[in-house]
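**Q** To start, I am sharing the structure in question, which I have written as structure tokens.
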Protein chains: 2
Amino acid sequence: MIENLITKNRSCRRFFQKEMIPTDTLRNLVNLARLSASAANLQPLKYILSNDPHKNEMVFSCLAWAGYLQDWSGPPEGERPPAYIIVVGDTDIAKIFATDLGIAAQSILLGAREHSLAGCMIGSIKKELLRELLHISDRFEILLVIALGKPKETVVLEEIPPGGSIKYWRDEHDVHHVPKRPLDEIILSE
Amino acid sequence: MIENLITKNRSCRRFFQKEMIPTDTLRNLVNLARLSASAANLQPLKYILSNDPHKNEMVFSCLAWAGYLQDWSGPPEGERPPAYIIVVGDTDIAKIFATDLGIAAQSILLGAREHSLAGCMIGSIKKELLRELLHISDRFEILLVIALGKPKETVVLEEIPPGGSIKYWRDEHDVHHVPKRPLDEIILSE
């Protein structure tokens with residue numbers, strides 16, 4: 001069951017932009033992060049939700065998309081994410097957010113997948129611009145933007161031979177391919 | 001469904017030590033991490049499995065347990081984890097492993113929970129000792145030890161008022177309590 005969900009939970013970069021995501025859905029996703037483990041149980045992560053077109057446009061203007069796809073600068077109008085969850089770290093609580101961040105983001109995306117949504121964790125952010133546009137206080141370190149929406153692309157996993165290229169790519173039918181290293185390459189000893 | 005799994009997936013520090021975990025189960029858990037998202041799809045994380053008593057003892061000797069429980073130095077013989085997954089970062093592939101680490105660890109623990117196992121992410125590690133005991137090459141940065149086993153403790157979540165203490169604690173029945181911040185405290189704006 002969880003294997004199925006994890007397998008289906010692929011990063012998605014094109015969405016049905018008109019299919020809005022209600023605030024309650026975003027709150028439920030953040031709640032999954034809230035219920036997840038946190039280093040020393042400090043729970044230093046906080047969340048900014050965005051699901052209205054104007055706020056979304058501001059967030060979108062701060063993002064860089066899909067580094068390996070040189071000919072594609074991101075989703076065009078009509079295929080942009082209808083929602084975002086911005087994850088920030090409360091520096092009054094902790095200075096390092098590393099493991100918590102991935103735990104929280106994975107919980108959010110697995111929850112999204114269960115709602116037939118998809119998303120993408122975006123770390124390539126114009127942080128100072130985002131801070132200014134959304135009036136984010138200096139107390140909060142901007143860590144990650146999670147784009148969310150109903151997926152408008154097909155993503156497939158493929159296994160690569162040891163040492164093969166891990167760069168994702170799109171084929172002529174616009175299917176997005178994600179090469180994964182084989183299990184025996186990533187298990188060092190057992 | 002995923003909410004139920006995430007809620008039940010509580011950090012566990014006491015186990016039925018005699019109930020071994022087969023290598024195949026550990027491999028299946030690493031496979032969940034393998035299938036999860038990775039920043040720029042680099043997949044720099046690698047894994048060392050341990051499920052035999054001698055290797056387990058070496059790993060155990062490198063760990064610090066439950067910082068908030070001052071009177072408890074870790075599980076006694078008989079309640080120690082019957083298995084570990086050690087997560088390391090391959091510095092030939094990347095130098096920063098932060099978000100990947102939490103994503104992978106969360107996938108592993110959710111998978112464990114589905115197998116009626118439980119675990120604990122332990123970041124407080126005597127890294128140089130572990131490197132020496134397990135002969136881990138300098139190429140790999142030791143990031144996290146995930147302890148795994150059949151749980152021998154009850155863990156309950158509780159909601160704290162804003163600003164309440166987040167320190168976990170054990171009651172007189174040896175039940176482990178984990179206070180979580182309320183949702184409205186961690187959502188800054190919507």
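**Q** Considering only region A:143-156, state which residues are in a strand (DSSP E or B) and at pLDDT below 95.
**A** Those that are in a strand (DSSP E or B) and at pLDDT below 95: A:155, A:156.
**Q** Of the residues that sit in region A:97-135 and are touching a Pro at 6+ places or on another chain (Cβ under 9 Å) and not in a strand (DSSP E or B), which one is nearest to residue B:7 (Cα to Cα)?
**A** Restricting to residues being touching a Pro at 6+ places or on another chain (Cβ under 9 Å) and not in a strand (DSSP E or B), the top hit is A:100.
**Q** From the list B:64, B:94, pick out the single residue that is within 13 Å of chain A (Cβ to nearest Cβ) and either touching a helix residue (DSSP H, G or I) at 6+ places or on another chain (Cβ under 9 Å) or under 21 Å from residue A:11 (Cβ atoms) (or both).
**A** From the options B:64, B:94, the qualifying one is B:94.
**Q** I would also like to ask the following. For region B:104-162, how many residues are without any contact (Cβ under 8 Å) to a residue 12 or more places away in the chain and of a type in the set (Gly, Ala, Ser)?
**A** Residues in region B:104-162 being without any contact (Cβ under 8 Å) to a residue 12 or more places away in the chain and of a type in the set (Gly, Ala, Ser): 1 in total.
**Q** How about region A:169-190: which of its residues are in a strand (DSSP E or B), more than 10 Å from chain B (Cβ to nearest Cβ) and among the hydrophobic types (A, V, I, L, M, F, W, C)?
**A** Across region A:169-190, the qualifying residue is only A:169.
**Q** Filter region A:30-47 down to the residues that are closer than 19 Å to residue B:107 by Cβ and among the hydroxyl-bearing types (Ser, Thr, Tyr), then identify the one that is nearest to the other protein chains (Cβ to nearest Cβ).
**A** Looking at residues that are closer than 19 Å to residue B:107 by Cβ and among the hydroxyl-bearing types (Ser, Thr, Tyr), I get A:36.
**Q** Still on this structure, please answer the following. Being in contact with a helix residue (DSSP H, G or I) (Cβ under 9 Å, 6 or more places away or on another chain), over 21 Å from residue A:53 (Cα atoms) and not charged (D, E, K, R) is the requirement here; does residue A:136 meet it?
**A** no
**Q** Consider region B:67-91. How many of its residues are small (Gly, Ala, Ser), away from every other protein chain (no Cβ under 11 Å) and either assigned to a loop (DSSP other than H, G, I, E, B) or over 19 Å from residue A:185 (Cβ atoms) (or both)?
**A** 3
The values are calculated or read from the model by the stated rules, or taken from the named source; none is laboratory data. On a predicted model such as this, the values are computed, not experimentally measured, just so you know. Cβ: placed from backbone, ideal geometry, glycine included. Neighbour counts: every protein chain shown.
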